[in-house]
Amino acid sequence: MGFDVGKVELHCEKNNKAHKTNDISVNRLIVRRGQSFLVTFELHGPSRPTTDLLELKVETGPQPSEALGTRSVFRLPEGCGKGSSWKVKVHQGSVFLAGSITLDITSPADAPVGEYRLSVKTSATASVGSSLGKLLLLLILVQRRLVHLPEEEERQECG
């Protein structure tokens, strides 16, 4: 028997500030690749909730594919999953208070950019997961230093 997912908190303002995307919006979750973000949700069920049953899934695009990196399934405890490069762990200090848990989720640094759907399955027998919401995954822009290479041979080595 699984648990029902109740209220979901994407912590848009806190996450977006940490990802330096709060100047874009604080009303939707906008995060950068390779940097963790927090999601909190309630679990309601007949017994005490446990993290042993949580399987998360992210998908983007019209035909999500694990081979193309546009679909990923990952689980608690951290590192469990079908070779997923997305990671999840229980946020430090988070406990099931009134059935609520906060997860720390990290996308791979090379994940495709786009709008992702995030869902969670709370039992091994569930065929579909409960939606936790959407997130927009952005590319991390790194400031490059321009270097002048006067010789054509040096430029070819770097190209």
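Based on the mean of other Cβ atoms within 10 Å per residue, sort peptides 111-117, 35-41 so the most packed one is first. Don't skip to the answer; put the middle values down first.
Working: 111-117: 16.9, 35-41: 19.0.
Taking the mean over residues of other Cβ atoms within 10 Å, the ranking is 35-41, 111-117.
All other residues with a Cβ under 9 Å from the Cβ of Val39 taken together, and with Lys, Arg as +1 and Asp, Glu as -1, what is their net charge? Don't skip to the answer; put the middle values down first.
Values: positive: none; negative: Glu9, Asp104.
Combined, the nearby Lys, Arg, Asp and Glu give -2.
Among the listed pairs Lys7/Lys89; Lys17/Lys89; Lys14/Lys121; Lys17/Lys121, give every one whose C-alpha distance is greater than 23 Å.
Lys14/Lys121; Lys17/Lys121
Scan around Gly133 for amide H atoms under 5 Å from its own, H built in the peptide plane at 1.01 Å from N, and keep only partners 5 or more places away or cross-chain.
Hits under the 5 Å cutoff: Leu118.
Check which residues have an amide H placed less than 5 Å from Arg32's amide H, if you skip close sequence neighbours.
It is Leu138, by chain and number.
Multiply the residue gap between Ala109 and Val26 by 0.36 nm, knock off their C-alpha separation, and tell me the result in nm, one decimal place.
In short, 27.6 nm is gained.
Provide the gained length on full extension for the span Ser85 to Leu68, in nm with one decimal, where the gain is 0.36 nm per separating residue minus the Cα-Cα distance.
Gain on extension, Ser85 to Leu68, equals 4.9 nm.
Here, each number is a calculation from the coordinates, and none is a lab measurement. What you see is a predicted model; the values in this text were computed from it and never measured. Here the Cβ is made from the backbone with ideal geometry for all residues, glycine too, and neighbour counts use every protein chain on show.
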